[in-house]
Amino acid sequence: MLKRKQLSEWIQQTVFVGPGLLFFTLIVILPFFMGFYYTFTSWDGMDMDHAKWVGLDNLKRIFTEDDRFWSAFWFTSKFTVAAVAVTNLVSFVLAMLLTQNLKLKGVLRTIFFLPNVIGGLLLGYIWYFIFVRGFSTIGEATGIGFFNLQWLGTPATGFWGIVIVFVWQTAGYMMLIYIAAILNVPKELMEAARIDGAGAWRILRSVTLPLIMPAITICLFLTTSNAFKMFDLNLSLTGGGPGNATESIALNIYREGLVNGRYGLGTAKAMIFFFGVALITLTQVWVTKKKEVEA
Amino acid sequence: MEEKKRYTGGVLVLEIIGILVALLFLSPFYFLIVNSFKKLAEILLNAAKLPEVFSFSNFKRAWIAIDFPTVLMHSVVVTGLSVLALVIVSSMTAYRLVRRPTLFNKILFNVLVAAMIIPFQSVMLPLMRITALFELRGNLHGIVICYLGFGLPLSMFLYHGFIKSVPYEIEEAAVVDGASPYGVFLRIVFPLLKPITMTVIILNVLWIWNDYLLPVLVINDSFTTIPLAVQKFFGQYLRKWDLAMAALTLSTIPVVAFFLLLQKHIIAGITAGSVKG
């Protein structure tokens, strides 16, 4: 009797967990650990079965010779800081606006969220046209210098061009999270603060912000990790140009592997990238979590 | 429920600011749509004006140039099958992990959650090797399996959180009535998961439909989806704005239609998903 029950438990475990475990291991875990091995080989992608062990050569090369990788790293870091700051500021302001007593708040929420459902590649190409043709048309008509810049043609306009599109795409999503959090702040607390003579700014700083810290943690985490892994917008908007001035790490890894065919070197970069992402996101969550308080 | 407030002048000002910002948010769509009706010369002359005549000829040419019916079908099939597989597999996995918290299952849960931090680019090159080795490259089941692997952690996590709140007594009663463990899951538990299933479907549809990198690595030419077709198209016709804008409009319509039709569910689902995630 006990045996049969045990057998049935085994079968259940296999049926319910088996498929998920199998495919997850095959698609995520296995490649992840293979990555550690390929980091130390001269695997060239063509000859996939003959990855030669080269020890620390790849890492040495990345740390001493590969200026392009480090310029991609630096670009991605700067981009992440700018994109995270602007996105969260914009989405928080939008959320504050849409938690007021507006008649059109439902429609406005839909509009602000709309860009988020379209993929980064398509959005990038739509904006490519706007930067290249649309802005110059507006610039000619109005004479405003901002529109007459050589958009996407210089490192600075390429950088800010991607930031603008990133914000446009992501702000609506973060706005939804902030709205949910703001609506959860107890009305009595705001009322009490108001009776105590606190102004709008003071209420925001001392009541609203501390109480929505969990939402801030989530939004900072999502925007940081998305910005750091940015790929589609980069490919469609600037392709890393002019030169390699706006090449992100993700694009650099992709090209090292699939364009240059240096899979071993690409994998070594991908592992450095993994530790970078893990370090940055975990630190950020740890720092903001500490600031969370109970109502 | 929100308390009733008076509609004051201050709120009216905020309303107007909101409308102006919304127009700014919509302006890229204005450029996209008006220019897909124009002739190339008209676009080059002035990209901001309305078209002199609304002509569908760009759409006709773009329709053929990117083979729109085929790529649309590919996107629908890839997204549909992958999401279906994800819903089935991740709900079953999560159910078992909640109801039988053995040491193995607890470790598995933590590994799945931890894996969410691995960026796709970190595994993509070795994944090329795996997909070649197991003949998952260039075919439909290959990409579905890849999406299953990458999507499982988040979907499982969402189901896990939800199943914890489903009372166990309902299942016990069914077992007493003679239902098998599989019957209990299929007929009793799974229907109760409907709200979170909606969230899982929406998040995964938006992700897989718009994904570029995984399909370009795994199925590329044999099963071109919309993002791949757009990328290829821009490689060829970069400055043919008239065709390009029409192709982009066509490619944007399905997902925007999906959003506008289901916007209530989507906004609720996304809010639920991210607050738990």
Quiz item: Among the residues of the range A:212-226, is any assigned to a loop (DSSP other than H, G, I, E, B) and either at the interface with chain B (Cβ under 10 Å from one of its Cβ atoms) or closer than 17 Å to A:Phe159 by Cβ (or both)?
Solution: no
Exercise. Residues that are modelled with pLDDT of 90 or more, in contact with a helix residue (DSSP H, G or I) (Cβ under 7 Å, 6 or more places away or on another chain) and not basic (Lys, Arg): find the helices (runs of 4 or more DSSP H) completely inside the range B:190-276 holding 3 or more of those.
Key: B:194-210, B:213-218, B:226-236, B:241-261
Quiz item: Just one of the numbered conditions (1) within 7 Å of chain A (Cβ to nearest Cβ); (2) in contact (Cβ under 8 Å) with a residue 24 or more places away in the chain is not true of B:Met128; which one?
Solution: (1)
Quiz item: Does the range B:49-97 hold any residues that are of a type outside the set (S, T, N, Q) and within 21 Å of B:Phe162 (Cα to Cα), and which are they?
Solution: B:Val83, B:Leu84, B:Ala85, B:Leu86, B:Val87, B:Ile88, B:Val89, B:Met92, B:Ala94, B:Tyr95, B:Arg96, B:Leu97
Quiz item: Got a number for residues in the range B:48-68 being within 14 Å of chain A (Cβ to nearest Cβ) and in contact (Cβ under 8 Å) with a residue 24 or more places away in the chain?
Solution: 4
Quiz item: Using beta carbons and a limit of 7 Å, which pairs, at least six apart or on different chains, have the first residue in the range B:212-225 and in contact (Cβ under 8 Å) with a residue 40 or more places away in the chain and the second one of a type in the set (D, E, K, R)?
Solution: B:Val218/B:Arg137
Practice problem: Among the residues of the range B:39-84, count how many are outside any helix (DSSP H, G or I), farther than 30 Å from B:Arg137 by Cα and either within 24 Å of the chain's Cα centre (by Cα) or acidic (Asp, Glu) (or both). | Solution: 1
Self-check item: Pick from the range A:134-159, criterion crowded, with 17+ Cβ neighbours inside 10 Å and among the aromatic types (Phe, Trp, Tyr), ranking: farthest from B:Pro28 (Cα to Cα)
Solution: A:Phe159
Quiz item: Tally time: how many residues in the range A:143-171 are assigned to a loop (DSSP other than H, G, I, E, B) and among the small types (Gly, Ala, Ser)?
Solution: 2
Quiz prompt | B:Ile66 surrounded by 14 or more Cβ atoms within 10 Å (Cβ to Cβ), of a type in the set (A, V, I, L, M) and within 27 Å of B:Pro215 (Cβ to Cβ) | solution = yes
Quiz item: Got a number for residues in the range B:143-174 being in a helix (DSSP H, G or I), small (Gly, Ala, Ser) and surrounded by fewer than 19 Cβ atoms within 10 Å (Cβ to Cβ)?
Solution: 3
Practice problem: For the range A:275-294, enumerate the residues that are over 19 Å from A:Val84 (Cα atoms) and touching a residue at least 24 places away in the same chain (Cβ under 8 Å). | Solution: A:Glu292, A:Val293
Self-check item: Flag if A:Thr80 is touching a residue at least 40 places away in the same chain (Cβ under 8 Å), closer than 27 Å to A:Leu235 by Cβ and either more than 9 Å from chain B (Cβ to nearest Cβ) or surrounded by 16 or more Cβ atoms within 10 Å (Cβ to Cβ) (or both)
Solution: yes
Self-check item: Output for the range B:170-192, where each listed residue is touching a residue at least 24 places away in the same chain (Cβ under 8 Å) and more than 14 Å from chain A (Cβ to nearest Cβ)
Solution: B:Leu192
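Pick from the range A:233-250 the residues that are of a type in the set (A, V, I, L, M, F, W, C) and at the interface with chain B (Cβ under 9 Å from one of its Cβ atoms): which of them is farthest from B:Pro119 (Cα to Cα)?
Looking at residues that are of a type in the set (A, V, I, L, M, F, W, C) and at the interface with chain B (Cβ under 9 Å from one of its Cβ atoms), I get A:Leu235.
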Quiz item: Restricting attention to the range B:85-104, which residues are surrounded by fewer than 18 Cβ atoms within 10 Å (Cβ to Cβ) and in a helix (DSSP H, G or I)?
Solution: B:Ile88, B:Leu103, B:Phe104
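The values are calculated or read from the model by the stated rules, or taken from the named source; none is laboratory data. Since this is a predicted model, take the numbers as computed values, not measurements. All Cβ positions, even for glycine, are placed from backbone atoms using ideal geometry, and neighbour counts span all protein chains on display.
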